1. Based on the alpha carbon coordinates of the stretch B:7-243, what radius of gyration and maximum Cα-Cα distance (Dmax) apply, in Å?
2. Between A:Ser76 and B:Leu193, what FRET efficiency comes out of the Förster formula 1/(1 + (r/R0)^6) with R0 = 56 Å and r the beta carbon distance, rounded to 0.05?
3. Expressed as a whole number of Å, what is the distance separating the alpha-carbon centroids of the stretch B:34-81 and the stretch B:202-222?
4. With label points built 7 Å along Cα→Cβ from the Cα atoms of A:Asp223 and A:Asp30, find their separation and express it in nm.
5. Per-residue Cβ counts within 10 Å, from other chains only, averaged over A:91-97: what number is that?
6. What are the residues whose amide H is under 5 Å from the amide H of A:Leu228, where those residues sit 5 or more places off or on another chain and H is modelled from the backbone?
7. Could you work out the helix-only [θ] at 222 nm for chain B, with each DSSP H run of four or more residues adding -39,500 (n - 2.57) and the total divided by the number of residues, to the nearest 500 deg cm²/dmol?
8. For A:Asp239, what charge total do you get from the other residues with a beta carbon under 13 Å from its beta carbon, if Lys and Arg give +1 and Asp and Glu give -1?
Amino acid sequence: MNKSSLDPVSVRAHDLRVTRGRVQVLKGLDFTVRRGGVTGLLGPSGCGKTTLMRAIAGIQARATGTLEVLGRPAGSPALRPLIGYVTQAPSVYLDLTVRQNLEYYAAVLGVPRADPAMGAPPWGHLPAARLGAVSRGRVDAALADVDLTSHAGALAADLSGGQRSRASLAVALLGSPELLVLDEPTVGLDPVLRRGLWELFHRLAGQHGVTLLISSHVMDEADRCERLLLMRAGRLLADGTPAELRRRTGADTVEEAFLRLVDDADDADDAGDADDSAARAGESV
Amino acid sequence: MNAVLSPARSLATARRVLRQLAHDPRTLALLLLVPVGLLVLLYYVFDADRTSFDAIGSSLLGIFPMVTMFLVTSIATLRERTSGTLERLMTMPLGKADLVAGYALAFGAFAVLQATLATGVALWLLGLDIAGSPWLLLLVALLNALLGTALGLFVSAFAASEFQAVQFMPAVIFPQLLLCGLFAPRDSMQPVLEAVSHVLPMSYSVDGMTQVLRHQDITGDYVRDVVVVAGSALAVLALGAATLRRRTD
């Protein structure tokens, strides 16, 4: 953990490849995600964003190459308390209330019962006590962060789609993650909620030093990120700050920058069909 | 791989599973009342033949928990696999053993309730006549419930939908039911079937119930039956845990 807190890089990938069935979904990715701040992972649906996030969370089978997360190989058991991964489809128990969901996940994460500042009781935390009143404070705080306090007692099945994905997001806020991997967390939410969540993400990054990797296929969210990774068809098109990407491509918006990068990559691919060495040069763009 | 069992996480999982059940009162009522209803039915089916009621009724007290817990667990874990909650848990510091133990604890506890109610009704309202102690019946019923939970957990790995999961019930439970000695004595079966019946755990649970029915004391056969059923439950639970994968396609 000490190593990871000194390392300026949260995620480091080298020649990361993932095969699903006979298809290579990730075709050799090289990138780093800087420690702290919000990094956006942008690209069209089906470009491999979710596979990459699953690989970082340590649950993607058949990943080859190097993938280091917080200084350890992805999937190391020691990383499990340090990473919060939120899938695109809300993963909460529909037949539990929002609060019951959070209480269970808090127990699994081993969130201490009382506020850490107050310390443990002299006899330590009995398993039963931990079970009974798992960190009400943390659960309440997570509920407030996603604006679901008024729905704490509602069954997850009775929530709207947006509320359910916020409940799922709240789970990731329970522990003390150093890295949050969020798969399209703002899809389908209204603009006010989206703004609220982006404020929350930046608060987590700014005040708590959390690294956030957030995917989206909506390019207009790009400017909310400090850094961007642009993906297409299992490859990384570019990375940098939104301003850098716009400048490099001479585009006015990130969406336009993305489209120009796609055209450039396609040209390179075409050249590669004719001449293998040209393809290699194209890949290194 | 986290092989060490965490009591806090196992208990939290058991509590969560019971809380899920608590939000489904209709399922709860069915789980508790259907066995009782079937025993009453059986009582009147053997209206003129109380000896048969004693024999079949006591065996059924062991079979009910296995069947119901098999169904409940296979659906519950299938949901866990398909809803993304299992995937999420696998990114967290939860051991596979914690999850399996949580399910076993929750459904085991519920099975105690179910079996107590069914046994109580059978013994004291329907006059089921057994020579041994009702506690011995309960013990076999509990172990059967764990076996059902274990089998359900295991087969849910091979079911892609709830339709498929439900179809595993006749596939896994019915052959055991036919061969367990309830319909015909096992030694009167075709020799191959008799040999198969020797390796099916339900044969031992029915035999254990029969021991309690006939003998006042704990017999050597009863002990063997209990050990076999418990051992099978643990072995299948371990198999079920092995079907949980941290990394998936």
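Taken together, the values in this text are just the output of simple stated rules run on the coordinates, not laboratory data. Since we're looking at a predicted model, the values are computed, not measured. Here Cβ is always computed from backbone atoms with ideal geometry, including for glycine, and neighbour counts include all displayed protein chains.
1. Every Cα atom of the stretch B:7-243 included, Rg and Dmax give 17.8, 59 Å.
2. Computed FRET efficiency for B:Leu193 and A:Ser76 comes out at 0.65.
3. The two parts, judged by their Cα centres, are 18 Å apart.
4. Distance between the two pseudo-spin positions: 3.3 nm.
5. 6
6. Under 5 Å from the amide H of A:Leu228: A:Gly40, A:Gly240, A:Thr241.
7. Computed ellipticity for chain B at 222 nm equals -25500 deg cm²/dmol.
8. +3
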